[in-house]
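Student: Got a structure for you, questions after.
The values are calculated or read from the model by the stated rules, or taken from the named source; none is laboratory data. The shown structure was predicted, so the numbers you read here are calculated from the model rather than taken from an experiment. Every residue, glycine among them, receives a Cβ derived from its backbone with ideal geometry; neighbour counts consider all protein chains shown.
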Amino acid sequence: MRDPYSVLGVSPDASDQEIKKAYRELARKYHPDNYVNNPLADLAEEKMKEVNEAYEAIQRQRSGGGSGGGYQYQSSSSSYSNAGSGYQQSYGGANPTFARVRSMINGGDLNGAERLLQEVPQKNGEWYFLMGSIAYRRGWLDEAMQNYNLAVQMDPGNMEYRQALAMMQQGGAVYRPYGGGGGMDSLDCCTTMLCLNCLCGGCN
Amino acid sequence: MFGYVRPLREELKCRDFDLYRATYCGLCRAMRRRYGWLAPMFLNYDFTFLALLLAPAEERFTPCRGRCHANPLIKKPMCQTDPGLETAADKSVVLTWWQLRDKAEDEGFLPGLTARLLAILLKPSYRKAARRQPEFDRLVRECLEQLHRLEEEKIPSLDRPAHTFALLLQGAAPKTGEEGRDRAMEQMLYHLGRWIYLLDAQDDLEEDLAQGRYNPVAARFGPEGDGEAMKRTLDHSRNLMCGAAQLMEFGCRWPVIENILYFGLPLVQRAVLDGSWKQIKNQRIWRHHT
């Protein structure tokens, strides 16, 4: 295992406060909410695990070998852990083909999933939702949005479809450094033109 | 390419700005040393970003001083030539040449004359670069041919032509063998390519309509385009880029890369969408006589 301090990016003589701060920032960065349906969700989960372990190890060391305890993201992360990787959860599925398509999407076989889906004669809300999911995994964001839209139109009561559409409408989820506000938002105070001057002008 | 990928100077620390400029100058020098005087003329910020991404994370920044190509009387700090920079130089030349060819074909005989001439002049450099990067050369040719076909079909989709261009850029990163990193890099470059292609389409919307050329934004949303929808899909691609970048190690280059992703790209995107980009795109991030 890597040195827990270097995992958190702090020096071994950092104060408890600093360590906690570094840990919180990393936990915010790799939080599963930022990687919902993202093909890289598993990598983020690994990172999160590494960060959690490092934090626990430091806590143990500092409390003289006692139990870790303290502030933990672990619980919330494990409760989220399905969100990133699973289309299958909460879905028994009336149509066995759709269940197979879901597992193919999770396994990364997008072409296979699409072929299978094309053979389904009846196009209902779930069909469009799955088409949208395939498009999303490919990075075809516009087509994903169109398909999620149709899915919601056909089946307005379905929370899964509505969540997917809502995620598209806000342009996806992402971690923003520079505090919670986000890089760009903090620039909104100046006019666009001023910002563009910053972008290109200046010399030394 | 297009020069959309640039940092926001104001938010860069001095040392990170130095690193950025040394990478730019180092790439320029690598192009000149490998390909002669013409190739560095095509150097741009997009290629510099590629060079930043391709540099090994553990490599420290130790600039040396070298003569500037644009003005040989002065010396500037430059990144030392290393394999990452050389790869970026090779790929820049391959991509530039194919884009010139593409432009020459697209624009007909007279308007395409400049591009054709430049392509002829650059051909020896291209041949050399293609020998060094045969796989990338093949990929670029295939993707641009495919893009041509889609454009001729006048395909009413954003994603499909953008996908082809995105695959091209995705191929620009050599595999490291580390599965997680390669996947993250692929996703990042894919969405960078998608973002560049769509932003360029948005930027060219009026001109393409006036010339009667195919434009994916017009084909998808009609001649007026749809600024809202474009913003959303461009934002989303950027977010996926950022998410991927956060999972990789870039060592000392991270602050610059982060600045480009979180400040530079959003500002350029905003400028293209509100139409102010045309006036500012030729301004430099720095002046030459520094």
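Student: Among helices (runs of 4 or more DSSP H) lying entirely in the stretch A:1-113, which contain 2 or more residues that are surrounded by 15 or more Cβ atoms within 10 Å (Cβ to Cβ) and modelled with pLDDT of 90 or more? Show your work before the answer.
Tutor: Values: elements: A:4-8, A:16-29, A:41-62, A:74-85, A:96-107.
The qualifying helices (runs of 4 or more DSSP H) are A:4-8, A:16-29, A:41-62, A:96-107.
Student: For the stretch B:202-221, state whether one or more residues are under 22 Å from A:Met167 (Cβ atoms) and within 11 Å of chain A (Cβ to nearest Cβ). Even if it seems obvious, please write down each step before you answer.
Tutor: Step one: of the stretch B:202-221, the residues under 22 Å from A:Met167 (Cβ atoms) are B:220-221.
Now narrow it down to the ones that are within 11 Å of chain A (Cβ to nearest Cβ): B:220-221.
The answer is yes, given that some residue of the stretch B:202-221 is under 22 Å from A:Met167 (Cβ atoms) and within 11 Å of chain A (Cβ to nearest Cβ).
Student: Mind checking which residues of the stretch A:31-65 are closer than 30 Å to B:Tyr190 by Cβ and away from chain B (no Cβ under 14 Å)?
Tutor: Matches in the stretch A:31-65: A:Asn52 only.
Yes/no matrix, rows are residues, columns are (1) touching a helix residue (DSSP H, G or I) at 6+ places or on another chain (Cβ under 7 Å); (2) more than 29 Å from B:Gly84 (Cα to Cα):
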| site | (1), (2) |
| --- | --- |
| B:Ala201 | yes, yes |
| B:Ala218 | yes, yes |
| B:Glu228 | no, yes |
| B:Lys231 | yes, yes |
| B:Leu234 | yes, no |
| B:Leu240 | yes, no |
| B:Ala245 | yes, no |
| B:Met248 | yes, no |
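Student: Looking at B:Gly112, B:Gly108, which is the one that is on the phi > 0 side of the Ramachandran plot and modelled with pLDDT under 85?
Tutor: B:Gly108
Student: Please enumerate the residues belonging to the stretch B:188-231 that are among the small types (Gly, Ala, Ser) and surrounded by 23 or more Cβ atoms within 10 Å (Cβ to Cβ). Write out each step before concluding.
Tutor: Within the stretch B:188-231, the subset among the small types (Gly, Ala, Ser) is B:193, B:201, B:210, B:212, B:218-219, B:222, B:225, B:227, B:229.
Once the filter is applied, which keeps residues that are among the small types (Gly, Ala, Ser) and surrounded by 23 or more Cβ atoms within 10 Å (Cβ to Cβ), the stretch B:188-231 yields B:Gly193, B:Ala201.
Student: Return the pairs, sorted by first residue and then second, in which the second residue is modelled with pLDDT under 85 and of a type in the set (Ser, Thr, Tyr), the first residue lies in the stretch B:270-290 and is part of a helix (DSSP H, G or I), the beta carbons are less than 8 Å apart, and the residues are 6+ apart or on different chains.
Tutor: Between residues of the stretch B:270-290 that are part of a helix (DSSP H, G or I) and residues that are modelled with pLDDT under 85 and of a type in the set (Ser, Thr, Tyr), the close pairs are B:Arg270/A:Thr192; B:Ala271/A:Thr192; B:Asp274/A:Thr192.
Student: Which residues, taken from the stretch B:87-113, are assigned to a loop (DSSP other than H, G, I, E, B) and crowded, with 16+ Cβ neighbours inside 10 Å? Give the derivation first.
Tutor: Initially, the stretch B:87-113 is screened for residues assigned to a loop (DSSP other than H, G, I, E, B), giving B:107-112.
Passing the criteria: B:Glu107, B:Gly112.
Student: Is the stretch A:136-146 home to any residue that is more than 14 Å from chain B (Cβ to nearest Cβ) and either in a helix (DSSP H, G or I) or on the phi < 0 side of the Ramachandran plot (or both)?
Tutor: If we filter the stretch A:136-146 for residues that are more than 14 Å from chain B (Cβ to nearest Cβ), which is where we start, we get none.
No: the stretch A:136-146 contains no residue that is more than 14 Å from chain B (Cβ to nearest Cβ) and either in a helix (DSSP H, G or I) or on the phi < 0 side of the Ramachandran plot (or both).
Student: Still on this structure: Can you name the residue in the stretch B:232-267 that is at the interface with another protein chain (Cβ under 7 Å from one of its Cβ atoms) and of a type in the set (S, T, N, Q) and is also surrounded by the most Cβ atoms within 10 Å (Cβ to Cβ) among such residues?
Tutor: That would be B:Ser237.
Student: Looking at (1) at pLDDT 80 or above; (2) outside any helix (DSSP H, G or I), which one does B:Gly84 not meet, given that it meets all the others?
Tutor: (2)
Student: Have a look at B:Lys128, B:Lys91, B:Lys123, B:Lys154 and point out the one that is at pLDDT 90 or above, more than 14 Å from chain A (Cβ to nearest Cβ) and at positive phi.
Tutor: Being at pLDDT 90 or above, more than 14 Å from chain A (Cβ to nearest Cβ) and at positive phi holds for just one of B:Lys128, B:Lys91, B:Lys123, B:Lys154, which is B:Lys154.
Student: Identify, by number, the condition in (1) assigned to a helix (DSSP H, G or I); (2) farther than 17 Å from B:Ala166 by Cα; (3) touching a residue at least 12 places away in the same chain (Cβ under 8 Å); (4) not β-branched (Val, Ile, Thr) that B:Tyr214 doesn't meet.
Tutor: All conditions are met except number (1).
Student: Right, something else. If we keep just the residues of the stretch A:114-149 that are crowded, with 17+ Cβ neighbours inside 10 Å and aliphatic (A, V, I, L, M), which is farthest from the chain's Cα centre (by Cα)?
Tutor: By that ranking, first place goes to A:Leu117.
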